[in-house]
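Step one of this worksheet: look at the structure below.
The values are calculated or read from the model by the stated rules, or taken from the named source; none is laboratory data. Being a predicted model, the structure only gives us computed values, none of them experimental. Positions of Cβ are generated from backbone atoms using ideal geometry, with glycine treated the same way; all protein chains shown enter the neighbour counts.
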Amino acid sequence: MCKVELMSQVFISYSRVDTAFVDVFIRRLQRAFPDLKIWYDQVPHGLIGGGNWWNDILNAVAASDVFIYILSNESVNSLYCQAEFTEARRLQKSIITIQARDHTELTKELDDIQYINMKDGVDSPEAFPNLVAAINLRLKEAEKLPNLRPLRKLATPKPSKEPPLTRTADSPTVETPPLAHPSAEEQALCLQRRAVFWQIISVIVGIIAILVTILVALPAPPNNGNVSPAPTSLVQASAAPSETPPLSPMMTETPVPTSDPAVTSTLSGFQQLQTAQMQLTHSASTQAATDLTATQDIVLSVNATGTAQQIEATEAAARVTFEALSWTPTQTPSSATEVSVQATTGSFTPHLGNFEGFTFAFVPSDRNQIAYWIMKYEVTNDAFAGYMTGRDNRSDEGFFRYGESLPGARLVRSGNNWTVESIYGNHPVMRVSWYGARDFCLEHGFRLPNDQEWWQAAVWNPPTGERYQYPWGNSAPAREFAVYEAEDTQPVDAMILGQSPIGSLNMVGNAAEWISNTTGNQRGYTGGSWQSSVSQVGISVIIRSEAQATFSDVGFRCVRDE
C-alpha cells in the first residue's frame, strides 16, 4: 500500500474493447494507492450526466498529475483516445503507457515512451511493481515541477465520430481478438436459457434414476412365465420407509428467540422441506459446463415453518425428488480403507501468511479472479468469544449476531463477558448469524468470501489449473478427509488429509460456511457440515437462508484482499 498526496489524480485513457482488463487494472491500482483519485469515464469515477462530456474530459486531464494510456490496437486507433493523449501532451503531463495486448502497432509519439508490458495480466510479477514505481516517481516529479505552460494555447478539439476501424495489409496480427461485451439483457437471457436447459436435463436424469430404481426393485418372473405387475404408485414405490432410509438433515435445530421483534422467524435446512422451493441450476463454476456428470448447484430457498410431524412426513415424500436432483460423482465406498488417502496438490506448495493473529492461505490470481487470501481454518469459538466480549449481541441492523442459549451454542455470556464451553475452544463457532460473521470479519479488516472465491479456494490447483470435485481431489468423501455424518464437530486444524490445494482445511464438512452473496434478505452458506450425509458433502450446494438465522452447524471463515 502506497501513500500519496490527497489531491493526486491519474487519468485513465482506454478503448471500451479493453474494459475487462481495465476493470481489474483499476481495482488493483485502488488497492495499491487507496488515497489516489482515479478518473476514468465511468460513474461515479468520471463522466456524470448533465454536463458537456468533452469539457469534463479536458478538465479531468488538466487536473491529473499522471496520464495513463492503456495500449491496444483499438485504443491506439481510437480518435477519442488519440485526442485525450494529445491534450495530455499539450499540457505536458507525465505519461505512462500500459501494453494491454501483444502486437500493438504504436504511433511515433507513443513509440518514444517506454511502455509497461501487461499483456500477460495485471498481476504479472514484474509488471505491476514496475507500474507502482513509475506512478510514485511521476507523482514526485509533479510535486517538484512548477505548473508548465501549455505547448499550445487552444485546447484539443472534440474529435469527430469514430470511423470504422481499418487496418492496412501489412499491419501485424493482434493475438487477442477484440472482446465482445454483451448487454445486461443478453447476459440475463443467456443465463435464463442455460438454467432452463439444465433443469430439463436434471428432470430427465431424475426420471431415468427413478425408473432404474423401480426396475431393480421388481421381483423376478416366476417359472411359469407369468410376470408380476409393476407398482402402480411411483411415489409409494420410491418413498416407502422400508426401502428408503430417512434423509439425513444438513441443518437441524432452528429456534431463535421469538420474543425478539427483530427476528420473526427461524430457519432450518433439509428438515424444512415442506416449504422449501428447490431449483436446480447449472453451476457456472464447474470445470466442464457441457458434461452431464459435472457438479450441479442446488439452491434451496428455505422458509421456516411447520411442526416436527409435518417435517417428518414431508421428508419421506420429498426424498425421491431430492435424490433425483442430486448427483453423486463416484460410488461411496463401504469403508474408508477402500479410498486412496492422499491430498492431490500437484507440485504446488501452499503459501501461508499471518494477519491480525489469523493464519491465511494465499490464492493466486488467474484469468477471472485477482489474488486474495483466505483463512486456513474456520473461525473458532475462542476467537468469536474474544470478539463478542464487551460488545452488544445485536448488529447495526438490530439482529442477533450469535444465537446464545440455543442447541449447539458453545458460547456462554455473563454480562458483557463471553466464555466457551470446555473442549470446544478450537472447534468452529456455530450459531453465528450472517450478520455476526460479517461484523467479525469487518472488525479485523477482512470480509466474507463470495461464492466464486470460496469455490476457488476449495478445489482449484494453481500449478495445473485443474478444478477438483472435492478439496482433496476427485476421490469420494471418506472419514480421513472430512467431518460428516458425525456426532459432533472436530477442531478446526483436524482433517489435514482433506486440505485443499492452496492449503485451507475443512472447506467441506465440520461447519458449513456463510458466504457474502445476497438476494434480498437471503444469504447463502455452503460446504456441508458434520450433520450432512455423504451425498450432501461437497462444493456445489448453496443453501439460501434469512441473514438473521443461526444454525447448529453453520460457521464461517474470512478472506483478505491482496
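Quick notes
- Flag for THR519 being touching a Pro at 6+ places or on another chain (Cβ under 7 Å) and either farther than 30 Å from SER124 by Cα or modelled with pLDDT under 95 (or both): no
- Any hit, the stretch 444-457, residues being surrounded by 19 or more Cβ atoms within 10 Å (Cβ to Cβ), in contact with a helix residue (DSSP H, G or I) (Cβ under 8 Å, 6 or more places away or on another chain) and assigned by TED's automatic domain parsing to the domain that holds PHE362: yes
- Number of positions in the stretch 443-502 that are assigned to a loop (DSSP other than H, G, I, E, B) and in contact with a Ser or Thr (Cβ under 7 Å, 6 or more places away or on another chain): 15
- Selection count, the stretch 126-156, where residues are under 36 Å from the mean Cα position of the chain (by Cα) and of a type in the set (A, V, I, L, M, F, W, C): 9
- Residue match in the stretch 456-470 (condition: basic (Lys, Arg) and under 21 Å from ASP553 (Cα atoms)): no
- Residue satisfying all of: in the stretch 97-109; surrounded by fewer than 20 Cβ atoms within 10 Å (Cβ to Cβ) and either free of Cβ contacts under 8 Å to residues at least 12 places away in the same chain or among the aliphatic types (A, V, I, L, M) (or both); farthest from ILE68 (Cα to Cα) among these: LYS108
- All conditions in (1) surrounded by 14 or more Cβ atoms within 10 Å (Cβ to Cβ); (2) farther than 30 Å from GLY445 by Cβ; (3) touching a residue at least 40 places away in the same chain (Cβ under 8 Å) hold for ASP56, with the sole exception of (3).
- Reported count of residues in the stretch 152-170, each being surrounded by 10 or more Cβ atoms within 10 Å (Cβ to Cβ) and either modelled with pLDDT of 70 or more or in the same structural domain as ASN73 (by TED's automatic domain parsing) (or both), is 6.
- As a summary of the residue check, SER504 satisfies the conditions (1) among the hydroxyl-bearing types (Ser, Thr, Tyr); (2) crowded, with 20+ Cβ neighbours inside 10 Å; (3) more than 22 Å from ILE370 (Cα to Cα) except for the one numbered (3).
- Number of positions in the stretch 539-557 that are surrounded by fewer than 24 Cβ atoms within 10 Å (Cβ to Cβ) and over 13 Å from PRO428 (Cβ atoms): 5
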